[in-house]
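Take a look at the structure set out below.
The values are calculated or read from the model by the stated rules, or taken from the named source; none is laboratory data. If you're wondering where the values come from, they're calculated on a predicted model, not measured in any experiment. Cβ sites come from the backbone with ideal geometry, for glycine too, and all protein chains shown count toward neighbours. Side chains are part of the model used for accessible areas, which takes the heavy atoms of the whole protein and leaves out ligands, DNA and RNA. Shrake-Rupley method; radii C 1.70, N 1.55, O 1.52, S 1.80 Å.
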Amino acid sequence: MISSTALSEWWRGAVIYQIYPRSFADSNGDGVGDLPGVTGKLDYVASLGVDAIWLSPFFTSPMRDFGYDVADYCGVDPIFGTLDDFDALIAKAHGLGLKVIIDQVYSHTSDQHPWFAESRSSRDNAKADWYVWADPKPDGSPPNNWQSVFGGPAWTWDARRGQYYMHNFLREQPQMNGHNPEVQEALLGVAKFWLDRGVDGFRVDAINFAMHDLQLRDNPPAPLGNGVRTRPFDFQLKVHNQSHPDIPGFIQRIRALTDRYPDRFTVAEVGGPEPDKEMKAFTAGNTHFNSAYGFDFLYAEKLTPALVREAVENWPSGEGIGWPSWAFSNHDAPRWISRWAPEGARDEFARMAMLLFLCLRGNAIIWQGEELGLSQVDIPFEKLQDPEAIANWPLTLSRDGTRTPMPWSAREENCGFSTHEPWLPFGPDHASHAVDQQAGTAGSMLEETKRFIALRQSNEALRSGDIRILDAHGSVLAFERKSKCQTLLCIFNLGSENIEWPSQQPANWRKVESLNQAADWTIGAYGALVLEKIG
């Protein structure tokens, strides 16, 4: 039921599987996952039925922020392997019909990057203006009140230049001056390097941090909200250190480059106080990124019909409006099954939520282990690796808890991930959810996920059709997915009591999927119905 038009843009409605190389599979027994380990497991990934993989950073890095502090954009860190290993991964993925998307970090580098070493060496070198430098105030204090995401001022003093340099994240992640045309050219050169090497697209990290207010004006204080403030960053409205209006102009240059290569895809990560506005600007028309994803679901404490409705209706179909991507969890956000699934109905809820996810309009980004129903791991302080969690302990939820290794085999040492103690521990229930415990077992989370992906891939309305919310009250979520050739009705019960929907049942529908005691318009606890219009 998939039309040739839908296939012409492979990414529209694609299912993308996110891989965190450190935690996927370890091929050399050092306790850290690597690129050959990923390559060795690509047959498994392909068996899920996904269209593409997204690889989190594997670039040369001192690993202060585990790869998001890049010291060489065009190199593979020895922890992960070599460029030859990357080429082998690309070849294996493409042979299996999988596209490969990699991270690009354009807002900052590592302080170990040669560009920064040159920039900090003097005020008049060739790269003096490649990073954000500013003189101190007359009393020696930082240039303004900007705060870093990871805690403390967004400025660090550097005696070499007698100036402060800016960093929106760790002090070891100096902020690049995205306004500088030479910086933009250098970053476009990085993108070209990987495009020439065969990558199929980019997930662009923290792009709304790429430029700053050139006047260095203070950020205003944020009004009090309901959330707990754990960092100085939370006390400000970030109106001057991010979300600069010139960012879409740089995005146009990235898109112009990627358009020189056929069938390439770009998706932006967009967080912050007004993500919807920025996601629209960053994906407008056919001259910006293909897609963007925000944080609608990533930190939500509960999955509700109202939450889904708001997220979906922020992305209506229409001329010039970008295409959404969705993620329920990722390498930064806690696993959704631990946030949302009720006690006593964990498995039923997980299957329903996965089906719901794969029925939404937009791209579906599955975080490694979601297909197994892996839970968030409570990492004790002495084993924390996450610099943000260490700095703000115990109030900041550790990102380590979602980054724990993939359990491949319950019967092997370290669940088949490595012959060495892994860099992070497994959760107490992860062995029982290992791949070998679920593969081929009817009704397991793994097999159900495969079935739901196949349902999406074989129905044009689910893959690329429009969406219209019909009901989002109480525990009921009902919406229509419609393409030129197909209309589907998707009904979900997000509660623990049976529901009947609608009160007047039409007769011209046939069932294509049901879950958890759902039949004849009566839907049991955490149940779902997907029906196709006939006639």
Under a 1.4 angstrom probe, counting protein chains only, how are S464, S23 ranked by accessible area, largest first? S464, S23
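Just in segment 111-155: which chymotrypsin sites (Phe, Trp or Tyr not before Pro) are loop by DSSP and have at most 11 other Cβ atoms within 10 Å? Could you put the intermediate results ahead of the total?
Numbers: sites: W115, F116, W130, Y131, W133, W146, F150, W155; in loops: W130, W146, F150.
For chymotrypsin sites (Phe, Trp or Tyr not before Pro) across segment 111-155 that sit outside H, G, I, E and B with at most 11 neighbouring Cβ atoms in 10 Å, the list is empty.
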Please compute the modelled spin-label separation between R123 and E274, points set 7 Å along Cα→Cβ, answer in nm with one decimal. 3.5 nm
Area of H113 that stays accessible when all protein chains are in place (1.4 Å probe, Å², to 10): 10 Å²
Calculate one ³J(HN,Hα) per residue across segment 421-433 by plugging θ = phi - 60° into the Karplus curve 6.51 cos²θ - 1.76 cosθ + 1.60, and present them in order as whole Hz with x for glycine and proline. 4, x, 5, 9, x, 7, x, x, 9, 6, 4, 5, 9
So what J values fall out for segment 512-527 if you push phi through Karplus, 6.51 cos²θ - 1.76 cosθ + 1.60 with θ = phi - 60°, rounded to Hz, Gly and Pro as x? 10, 7, 9, 8, 6, 6, 10, 6, 6, 6, 9, 10, x, 3, 6, x
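Could you rank D259, D69, D51 by how accessible they are, 1.4 Å probe, largest area first? Write down the numbers at each step before the final one.
On the way: D259 90, D69 0, D51 30 Å².
Order by accessible area, largest first: D259, D51, D69.
Given K41/K484; K277/K482; K92/K533; K41/K127; K92/K127, which pairs have Cα atoms separated by over 30 Å? Kindly include the intermediate steps, with their values, before the conclusion.
Numbers: K41/K484 37 Å; K277/K482 26 Å; K92/K533 40 Å; K41/K127 41 Å; K92/K127 39 Å.
Beyond 30 Å between Cα atoms: K41/K484; K92/K533; K41/K127; K92/K127.
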Reciprocal of mean inverse Cα separation for segment 146-250 (Kirkwood radius, Å): 15.6 Å
Options S121, S464, P232, ranked by Cα towards positive dipole end of the chain, top entry (Cβ charges): S464
Per principal axis, descending, Cα span of segment 379-435 in whole Å: 37, 20, 13
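Under a point-charge model restricted to the Cβ atoms of Lys and Arg (+1) and Asp and Glu (-1), what is the dipole moment magnitude of the chain relative to its Cα centre, in debye to the nearest 20?
Numbers: 48 positive and 69 negative charges, 223 e Å.
Approximately 1080 debye in magnitude.
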Taking the solvent-accessible surface of protein heavy atoms with a 1.4 Å probe, what is the per residue accessible area of the chain in Å²? 38 Å²
Using 0.36 nm per residue, how much length does the chain from S432 to R510 gain when fully extended, once their Cα-Cα distance is taken away? 24.4 nm
Pseudo-spin-label distance E413 to E319, built 7 Å along Cα→Cβ, given in nm, is 6.4 nm
Working with all protein chains in place, sort H179, H167 by solvent-accessible area computed with a 1.4 Å probe, largest first. H179, H167
Cα-projected label distance for A306 with D259, points at 7 Å along beta-carbon direction, nm: 4.2 nm
Tell me, what is the 1.4 Å probe accessible area of Y165, in Å² to the nearest 10? 10 Å²
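Looking at the chain, identify the longest residue range that excludes and avoids all GluC sites (Glu not before Pro) in DSSP loops having at most 10 other Cβ atoms within 10 Å. List each step's numbers first, then the result.
Values: sites that count: E301, E319, E343, E497.
The reported range is 1-300.
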Going by amide H atoms built from the backbone, whose H comes under 5 Å of the H on V512, apart from near neighbours? V530, L531, E532
Please give the calculated 222 nm ellipticity per residue for the chain, where each DSSP H segment of at least 4 residues contributes -39500 (n - 2.57) and the sum is spread over every residue; nearest 500 deg cm²/dmol? -6500 deg cm²/dmol
Collect residues whose amide H, placed 1.01 Å from N in the peptide plane, falls under 5 Å from the amide H of E9; neighbours closer than 5 in sequence don't count. none
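Could you list the trypsin sites (Lys or Arg not before Pro) in segment 224-313 that lie in coil according to DSSP, counting only those with at most 13 other Cβ atoms within 10 Å of their Cβ? All intermediate terms of the calculation are to be shown ahead of the outcome.
Details: sites: R229, K238, R253, R255, R260, R264, K277, K280, K302, R309; in loops: R229, K238, R260, R264, K302.
Taking segment 224-313 and a limit of 13 other Cβ atoms within 10 Å, the loop trypsin sites (Lys or Arg not before Pro) found are R229, R260, K302.
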Rounded to the nearest 10 Å², the accessible area of M176 using a 1.4 Å probe with every protein chain kept is 0 Å²
In segment 158-207 the accessible area split gives carbon plus sulfur, as whole percent at 1.4 Å, a share of 48 percent
